[in-house]
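The values are calculated or read from the model by the stated rules, or taken from the named source; none is laboratory data. Bear in mind that the values here come from a model prediction, so they are computed numbers and not experimental data. Cβ sites come from the backbone with ideal geometry, for glycine too, and all protein chains shown count toward neighbours. Please note that ligands, DNA and RNA were not included when accessible areas were found on the heavy atoms of the full protein model with its side chains. Shrake-Rupley method; radii C 1.70, N 1.55, O 1.52, S 1.80 Å.
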Amino acid sequence: MPKMESTLRGSVKFLVVWFGFVFVAAFTLVVWKPPFVRSGARAIAAMVGQLDIGHWTVATPMLYFFALLAATFTAVAIHEVAHAVVGVLVGFRFNSLRIGRLQFDRPFRLSLYRGRGTGASGWASLFPVEQDRLIPRTVIMLLAGPASNLVSVLLLVLLTHFNGMFSALLLYISLLLGLVNLVPFRGRAVISDGGRILMLLQNRARGERWLAMLKLLEELRTGVPYERLTPGFLAKAVAIEDNSPDTVVSYALAYGAAFWQRKDDNAASALETCLRHSNLAAPSQRQGLMSDAAVFQARRRKRIDLAEMWLADIPEKGEYPWMRLRGEAAILEAKGDITGAMKKLDDIEKKVLTVPNQALREISLRGLRRWKADLQPPATAT
């Protein structure tokens, strides 16, 4: 597999964009001096004064650290909750919400997120329910996050009695999240809100691909088997191949559909495409692709040697610890050890049942139970 894209590249882009904003804002304030920002500037100066190191005591660094954590958590929470609430109001179905390490899953499940490497400090996962006016409704949902951060900045400036250290940090971080997320950019497996909005408004093929992905995931969540996914959505999902995380997800869905339709050549081609662009996938997605490759080689190609090579590449520890077990079960099946394979599948089921994300848990369980059914001997007619 190709090496994961370095986070340094995304960080450099992020800093360039942010300092560009700072330069433009500073130039505007110094040269133009617009009257409507003077009162706001005084409020900001009062809050920034709280960060002056000359006024610090021995306890201030510790207070600053906790204030920074609290402000970051609050700013991210404002951003993601706005996506979720507005998304539900415009016709999306809520799936999950993450703020830092804290994850909320429907219906009322709270857990600690153990993944890494996605490039995002939080997320709001929603699925579209209806197709009518989907693009404008999606744009509204995407705009809600950055807009909520900028509104919170405005409130902090207007409410002058909020002038402590926490308020100063919250203002800065909210401004950072609000402005930067409006800029079209990609950080490893994550595309910014601005990038998604520009995609929907200017690049029809890429925008339709993303919306088709969301609809396919919603179909899987509601119980539609892979082989019965809507062909039109699948066609839009794989209409283009580019160097983006959407290519990985789209072709992974196409692989699942072809695998369960037993169109092995199509499945192999889709999986190869996923692997080719896996440098943009999150670590958990990469492990899933390696697991799929091991399962495909063992169950469909009967190439135990290649399956074992893929299995050796899957990390022992990961966000989803059953990925190695899937490969082991497939290899046992290919060797004819059905009893051993069934035991591995039972172990996988126990682990999957602990997954907090309802959609992921149910989709995984359905595929697992179909695999078990394939290994059961056919019933004898009497």
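Quick notes on this one:
- Working ranking of peptides 293-306, 260-273, 200-213 by packing, defined as the average number of other Cβ atoms within 10 Å per residue, highest first, is 293-306, 200-213, 260-273.
- Taking all Cα pairs closer than 8 Å and separated by 6 or more residues, the relative contact order of segment 125-258 comes to 21 percent.
- Solvent exposure ordering (accessible area, 1.4 Å, most first) of Met4, Met165: Met4, Met165
- For segment 251-315: rounded, prolate or oblate by the Cα gyration tensor [a/c cutoff 1.5]: oblate
- Segment 65-130 - Debye-derived log10 I(q)/I(0), Cα point model, q = 0.16, 0.26 Å⁻¹: -0.55, -1.17
- Inter-part distance where segment 316-335 and segment 207-255 are each reduced to a Cα centre, Å: 25
- Solvent exposure ordering (accessible area, 1.4 Å, most first) of Thr339, Thr230, Thr247: Thr339, Thr230, Thr247
- For Leu102, distant residues with modelled amide H under 5 Å away: Tyr113
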